[in-house]
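The values are calculated or read from the model by the stated rules, or taken from the named source; none is laboratory data. All values derive from a computational prediction rather than experimental measurement. Note that each Cβ is placed from the backbone with ideal geometry, even for glycine, and that neighbours are counted across all protein chains shown.
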Amino acid sequence: MSIKSRSRRPYLIRAIYQWTLDNGYTPYLLVAADQPGVSVPNAFVKDGKIALDIGGMAVRELNIDADPIFFSARFGGRPHDIVVPSGAVLAIYARENGEGIVFGEPEAADSEGDAPEAPPEPPKPSGRPKLRVVK
């Protein structure tokens, strides 16, 4: 019997968010806008993705401690309520230097109730890990 553990993604998002603030940087989320549960202004989505400034000057009522992440922001002068499940976050990074974490692919949302067994672990990659800088 395998025990399904919680996703690490929300914890890593909160950690990098705090790191950016501690260093005086501006935190940005890169979000897969086409994922279930994502609510962003479609006019600002490019290639299925949107970069969101989540710094204190750009948002109101940010709640990054919950999943989904939610806040209010202005786009084109109009207020929008933004909802982003942590699984839809592709990266969190500092605008000033591009440092942060790239998750790469969206993560499927956990469903309540009868959860299927965890799939077998993928093969371990060989060689050094690679990190892309998202700007």
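List of remarks:
- Strands (runs of 3 or more DSSP E) wholly inside the range 1-110 containing at least 2 residues that are over 17 Å from residue 133 (Cβ atoms): 27-32, 49-53, 59-63, 69-75, 78-84
- Filter pass, residue 109 being of a type in the set (A, V, I, L, M, F, W, C) and modelled with pLDDT under 95: yes
For (1) closer than 20 Å to residue 14 by Cβ; (2) among the small types (Gly, Ala, Ser); (3) touching a Ser or Thr at 6+ places or on another chain (Cβ under 6 Å), each residue gets a yes or a no:
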site	(1), (2), (3)
48	no, yes, no
56	yes, yes, no
68	yes, no, no
84	yes, no, no
91	yes, yes, no
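- Residues that are surrounded by 15 or more Cβ atoms within 10 Å (Cβ to Cβ), touching a residue at least 40 places away in the same chain (Cβ under 8 Å) and in contact with a Lys or Arg (Cβ under 9 Å, 6 or more places away or on another chain) within the range 56-79 comprise 64, 67, listed in sequence order.
- If only residues of the range 1-18 that are touching a residue at least 40 places away in the same chain (Cβ under 8 Å) and either surrounded by 18 or more Cβ atoms within 10 Å (Cβ to Cβ) or not basic (Lys, Arg) (or both) are counted, the one that is farthest from residue 56 (Cα to Cα) is 2.
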